[in-house]
Structure formats: structure tokens, C-alpha cells
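Structure first, then comments.
No lab work stands behind these numbers, since they all come straight from the coordinates. These numbers come from a predicted model, not from an experiment. Note: ideal-geometry Cβ built from the backbone for every residue, glycine included; neighbour counts use all protein chains shown.
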Amino acid sequence: MRLYNQKIRVQGLIDHPLNELLYSDLGLRLGSCVPLNQMSKEFELDSLPPFQTDHLFISPRQAKAGEDDEAYASLQQCAVWNATKAVWNKRTRLIPNWIGMSWSPVGRNQIMDELLEWQA
């Protein structure tokens with residue numbers, strides 16, 4: 001998911017190399033909010049649907065200093081966030097810009113290395 005000021009963007013199943021890497025190449029299971037026929041979908045923080053997922057990978061949007069911290073703190077205050085299995089099991093990760101990294105073979109390899117490191 002990509003974090004914005006008062007919303008999040010969830011990467012979908014299609015039309016982006018990150019989506020293909022995670023779901024097709026690596027076979028990660030889809031979370032309940034992953035759009036099947038869209039590249040991504042945005043949700044306002046005050047109307048988040050329940051996230052049924054084993055892991056949450058959170059990419060800050062790399063905004064002005066402090067904005068990402070405020071956005072992440074706002075997300076953590078949402079009831080849906082605190083009811084998420086990945087949060088309970090401490091399987092949330094702040095990640096670098098995987099969306100941009102996924103466009104190159106080197107970037108995709110770095111993403112896979114990070115995933116393997118977290119599973120170790």
C-alpha cells in the first residue's frame with residue numbers, strides 16, 4: 001500500500017510490474033482489498049474497508065519532511081488498522097519505493113532480497 005496524507009493506495013493485481021512480481025512471479029496471496037481488475041485503488045482513511053491480509057507493505061510517498069510520519073500516525077489511529085491480522089502479528093513493513101524499483105531488473109531483485117530477509 002502507498003501512504004498519502006488522508007488516504008492510501010492499494011496496488012492491484014494487474015498493469016504494473018510490482019503487481020506482477022508480488023502476485024504472479026512470487027505467488028503472494030492477495031489481501032482482501034486488492035483490486036483484481038485495476039492497477040490500484042485509493043481509500044480514504046476515514047472509510048477504510050477491513051484488511052484481511054497476512055502482511056502489509058507500506059510505502060511512504062516521500063513527501064515533505066514530517067508528512068509521511070503524520071500520515072503513518074493517522075493510519076495507525078484507524079480502527080480498521082488495529083483490527084488487521086498483519087498488525088496483530090507484527091507483519092507490517094515500511095518499505096522503500098518498490099513501485100518505482102519494480103520497473104528495473106535490479107530493483108525487482110532488491111525487492112525479492114528484502115522479502116527473503118524478512119522471512120528469515
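How many nm is it between the label spots at Ala73 and Ser47, if each spot is 7 Å from the Cα in line with the beta carbon?
For the pair Ala73/Ser47, the computed spacing is 2.6 nm.
Hey, what did segment 2-119 get for relative contact order, percent, Cα under 8 Å, at least 6 apart?
28 percent
Which residue, Trp88, Met1, Gln119, has the largest displacement toward the positive end of the dipole of the chain when charges sit on each Cβ (Lys, Arg +1; Asp, Glu -1)?
The listed residue farthest towards the positive side: Trp88.
Give the label of the value calculated from the structure for Rg and Dmax of the Cα atoms in Å, choosing from (i) 18.1, 59; (ii) 13.7, 44; (iii) 13.7, 38.
Recomputing Rg and Dmax of the Cα atoms in Å here gives the entry labelled (iii).
What's the lysine pair count for the chain at a Cα cut-off below 22 Å, pairs eight or more apart or interchain? Numbers along the way, then the final one.
Working: Lys7/Lys41; Lys7/Lys64; Lys7/Lys85; Lys7/Lys90; Lys41/Lys85.
So the count of such lysine pairs works out to 5.
Between Asp25, Asp46, Asp54, where does the largest GNM mean-square fluctuation fall for the chain, given springs only between Cα atoms within less than 10 Å?
Highest fluctuation among the options: Asp25.
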